[in-house]
Amino acid sequence: MSVLHLVNASPFESAALSRCLARAGEGDAVLLLENGVYGALPGRRFSDAVAQAAARLDIRVLAPDLDARGLCASSLLQTLGQVDYDGFVELAARHELSLTWT
């Protein structure tokens, strides 16, 4: 059973991203949204863990939340994809469960 993991907390303020990556399994997807998009930035203490997890997980970033924080696609880890709201809905429909990490 695949799970869509939603991470909405900044990795600078919460261990949600680390906990999520430790628990997510093969076939799962991770969507970074709200302040969770900061988890997609390179050169941070959590960047290596995110990049390694992207090799086994489908990790995406919600593009409108990037825009709302003044971030652009070129400032993200290159292994991560982006989705808009329609893509968010498609991810949710593709996975049997969703789990929010805060």
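The values are calculated or read from the model by the stated rules, or taken from the named source; none is laboratory data. Note that the structure is predicted; figures quoted are calculated from it, not measured. Note that each Cβ is placed from the backbone with ideal geometry, even for glycine, and that neighbours are counted across all protein chains shown. With ligands, DNA and RNA removed, areas are computed over all heavy atoms of the protein, side chains included. Shrake-Rupley method; radii C 1.70, N 1.55, O 1.52, S 1.80 Å.
List of remarks:
- Within region 36-60, being of a type in the set (D, E, K, R) and either surrounded by fewer than 16 Cβ atoms within 10 Å (Cβ to Cβ) or at pLDDT below 95 (or both) holds for R44, R45, D48, R56.
- Annotation: of all residues in region 41-87 being among the basic types (K, R) and within 20 Å of L4 (Cβ to Cβ), the one that is farthest from the chain's Cα centre (by Cα) is R56.
- In summary, V30 fulfils each of the numbered conditions (1) in contact with a His (Cβ under 7 Å, 6 or more places away or on another chain); (2) of a type outside the set (G, A, S); (3) open to solvent by 80 Å² or more (accessible area, probe 1.4 Å) with the single exception of condition (3).
- Among residues of region 1-12 being touching a residue at least 60 places away in the same chain (Cβ under 8 Å) and touching a helix residue (DSSP H, G or I) at 6+ places or on another chain (Cβ under 6 Å), the one that is most open to solvent (accessible area, probe 1.4 Å) is N8.
- Filtered residues of region 72-84 (kept if at pLDDT 95 or above and surrounded by fewer than 18 Cβ atoms within 10 Å (Cβ to Cβ)): Q82, D84
- Selection status of A15, closer than 15 Å to Q82 by Cα, hydrophobic (A, V, I, L, M, F, W, C) and out of contact with any helix residue (DSSP H, G or I) (no Cβ under 7 Å at 6 or more places or on another chain): no
- Of the helices (runs of 4 or more DSSP H) lying entirely inside region 47-102, those carrying at least 3 residues that are in contact with a helix residue (DSSP H, G or I) (Cβ under 8 Å, 6 or more places away or on another chain) are 47-53, 63-68.
- Test: G87 is farther than 13 Å from N8 by Cα, exposed (fewer than 12 other Cβ atoms within 10 Å of the Cβ) and of a type in the set (G, A, S): no
- Condition met for L21 (in a helix (DSSP H, G or I) and open to solvent by less than 30 Å² (accessible area, probe 1.4 Å)): yes
- Looking only at residues of region 90-102 that are small (G, A, S) and in contact with a strand residue (DSSP E or B) (Cβ under 7 Å, 6 or more places away or on another chain), we find that the one that is least open to solvent (accessible area, probe 1.4 Å) is A92.
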